[in-house]
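Below is one structure; the comments refer to it alone.
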Amino acid sequence: MVKQTIQIFGRIKPTKKTTAVYSVDNEERIGASLEFVVPRDLADGFVNNKRECYKFRFQKVFDQAVKQDEIFENIVKPVADSVLAGFNGTIFAYGQTGSGKTFTITGGAEHYSDRGIIPRTLSYLYECFSQDSTMLYTTHISYLEIYNEMGYDLLDSRHEASRLEDLPRVTIMEDPDQNIHLKNLSLQQSANEEEALNLLFLGDTNRMIAETPMNQASTRSHCIFTVHLCRREPGSATLRRSKLHLVDLAGSDRVSKTGLNGQLLTEAKYINLSLHYLEQVIIALSEKNRSHIPYRNSMLTSVLRDSLGGNCMTTMIATMAVDKRNLDESISTCRFAQRVALIKNEAILNEELDPNLLIARLKREIASLKEELAMVTGEQREDQLTVEEIQRLEELLKAFLDDPDPGVTLSLGPDMRKIQYCFSLLKIMILDKQGGGNKCIAESPAATAREEVIEESHHIASEVTKLKEMLTQRNNEISILVKMLKKEKKRAQDAAAQFANTTNGQSLASQNALRLSSMSLLSENSTDTISASHGGRAMQYMKRGPQLSMGKQEAFETFTRDHEDYLTIDDNKNLIKQRSAEAKKLWEQQNEARNRINELKKQLEMRRRQMAAHGVMGNSTEAEDEVDSVEENLRKHIEQEKKAYKSTIDHLKALRTEIEHLQLLLERAKVKLQRDFHRWWTQEASSVQEPRSEASARCHTGSPGGNLQPSSPSTPALGAPGLSSTVRDYPADRDPNPDCSTSSVHNLRDLSTTKLSSSSIPLTGDQQTDADILAFVRARQNLLNRTDPPQQ
């Protein structure tokens, strides 16, 4: 058992704005200190008793220039080592909105060096697994989100959710021992680092994120990423189970300061309420004489019951924004951290018996009890004794009779067959001594039964041998036939494919050319940079979206060029290509080093043979000394090449990890880009609605030129290739007025030189087609106005 208080660390978010007056001192003996200086306001008068200096103590305070790797080495690595040893661990980040909690826990999406605590911890754990070959490790991962006091499973593989409400609900169950169990929370097994990162990306894709006045990408929920670890030694009856909680708490908002409303206001209420209950639990735990701890007030405190005052080694990271406008919130966060530092946890080594070995022991005990019960009840078994059992019984009986000790016992177990057989042997011996001799033994039923058993066992053994030989022969014949069938099937498939290529070559080429000309930026990037083997379930999530039409595709391309993540996607793509090129060069160097090592080994073997030949011929010792020096040089060269080969392999592993992480970041940015576009497109389409009666009346007027007004030179033109293609590709059998559609096509060709209003657009009369036309025109006009505003 390890008793210790919760470790608290502080991290200050980098900022370019005017900061408050603060100082960080990490040189103190008992820890580090963070001091804020708040100057008094002269508007409050000369008599002002407000505090000017606020000083708080931490284990260590990380200033603005500290990188992610230093955070991992100082905070996370000791907790991860304790989890590997068999203790439970928790790391949670607390702070206001926009103070850097999610960046610290999950990491940034721009650069590989911005990886957060979760991906670095997964890399460290699997690296330790590969280095420790004396233990067997099994890893499972769960990802829980608490949104508006409702739990959701972010890793459920049975649901393909496009909304948070579609995910399975997680409920809390409590057993009589007050242990918490989460119903409907799935545990996904991960065999390597790549599978674990894919699960992390899948969960982050389903998280609830919204834009607030304090943060453009604010997480509106509490998220708990848990790694369940099982460790056992091969052949041992005990195993150790531990779990590591990595918690990203939602940030608190001051509604009077941020001015939230609508759904954001509701989310802020639930977030502040759950954080208030968390603070109540902290205060109750810090008081010595408190008998009741209100864990059940919220779902967050119920899930973190072990982490707060229980069987866990807990660490808190207080994130602070030191802007002047956020100074009060930073001081409040530090006060909360000081209360957390008073809580003491008792971490226990989670060691238990292996359930499989326990089940085997219980089965043996059940079999023994059944034998004793059969002996007491007098039940007789029907199967006969084997030859080995008979020989063992004869040896035991002979040893019993030869032992001069009168107190010795004959232990046969609770088997009536063995007891009866031993009695029959004793009867034979007594009759033999009485004068029956060998004749009596030969004619006794026990000896006859023994001979029959021996004969039958030999016969059965010979039959089994013959059957095994026959089975092996049939298996060989079946494998030969299967190979022949596979070859014939492959030949038939090749012939069919060749015939299809010769007949349909031209049509396939034209179709591929059209398909490549209309491919979007998103699909182009994904096919260039990400292979199907590394996408996992995250790639399946990206393939769910509907295909874009021609007009919507053109709007998507313009939206993509103006999006804030466009440069990030391009940079990550170039960086992946660069790292792939480096990995290819290292792979070539690795092959060259392997070839050089093999060549040097051949030379060394040749030198040894020559040295052996010189020894047989009886040459002088000078020649032997010369050969020994050459052999020593070859050994040195081999050792150098092995070191270079090992360093190349290590570099390749690091590059592979970096490329996988960059691919995940690229997928995440693409999913965000696609979501933003669909959200924006839906808003624009809903804002443009025309009654069907006005559309049909306007269409039946038949004046294509009367509704158009000439555009001024400074007005950006509305290009209509996507719109005209939409009308041109629309089926004629769905158009209630073909003549009107023909006139509309002629009018829409002049959209590039005219300015349209929502009431002057020529329509087809079909409600679905008219809605698509109006949505496209409105969206394109907004995009052009944003990129090139008209001059007055």
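The values are calculated or read from the model by the stated rules, or taken from the named source; none is laboratory data. Please read all numbers here as calculations on a predicted model, not as lab measurements. Cβ: placed from backbone, ideal geometry, glycine included. Neighbour counts: every protein chain shown. Quick note on the areas: whole protein, heavy atoms, side chains included, nothing else; ligands and nucleic acids left out. Shrake-Rupley method; radii C 1.70, N 1.55, O 1.52, S 1.80 Å.
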Check: Just one of 165, 160 is more than 30 Å from residue 329 (Cα to Cα), at pLDDT below 80, open to solvent by 10 Å² or more (accessible area, probe 1.4 Å) and not in a loop (DSSP other than H, G, I, E, B); which is it?
Finding: 165
Checklist line | Those residues of the range 655-688 which are aliphatic (A, V, I, L, M) and closer than 15 Å to residue 576 by Cβ, in sequence order | finding: 655, 659, 662, 664, 665, 666, 669
Margin query: For the range 397-411: of the residues being in a loop (DSSP other than H, G, I, E, B) and not hydroxyl-bearing (Ser, Thr, Tyr), which is surrounded by the most Cβ atoms within 10 Å (Cβ to Cβ)?
Written below: 410
Note to self: Given (1) under 30 Å from residue 289 (Cβ atoms); (2) without any contact (Cβ under 8 Å) to a residue 60 or more places away in the chain; (3) not aliphatic (A, V, I, L, M), identify the lone condition not met by residue 363.
What the structure shows: (1)
Note to self: Give me the residue from the range 46-93 that is open to solvent by less than 30 Å² (accessible area, probe 1.4 Å) and not hydrophobic (A, V, I, L, M, F, W, C) and, out of that set, nearest to residue 123 (Cα to Cα).
What the structure shows: 68
Margin query: Pairs please, first residue from the range 468-495 and surrounded by 10 or more Cβ atoms within 10 Å (Cβ to Cβ), second anywhere and assigned to a helix (DSSP H, G or I) and at pLDDT 85 or above, Cβ atoms under 8 Å, 6+ apart in sequence or on different chains.
Written below: none
Note to self: Checking residue 348 against (1) surrounded by 13 or more Cβ atoms within 10 Å (Cβ to Cβ); (2) free of Cβ contacts under 8 Å to residues at least 24 places away in the same chain, only one condition comes out false. Which one?
What the structure shows: (2)
Note to self: Looking only at the range 95-113, filter to residues that are in a helix (DSSP H, G or I) and open to solvent by 30 Å² or more (accessible area, probe 1.4 Å); which one of those is farthest from residue 204 (Cα to Cα)?
What the structure shows: 113
Check: Within the range 8-24, how many residues are at pLDDT below 85, open to solvent by 60 Å² or more (accessible area, probe 1.4 Å) and touching a strand residue (DSSP E or B) at 6+ places or on another chain (Cβ under 8 Å)?
Finding: 3
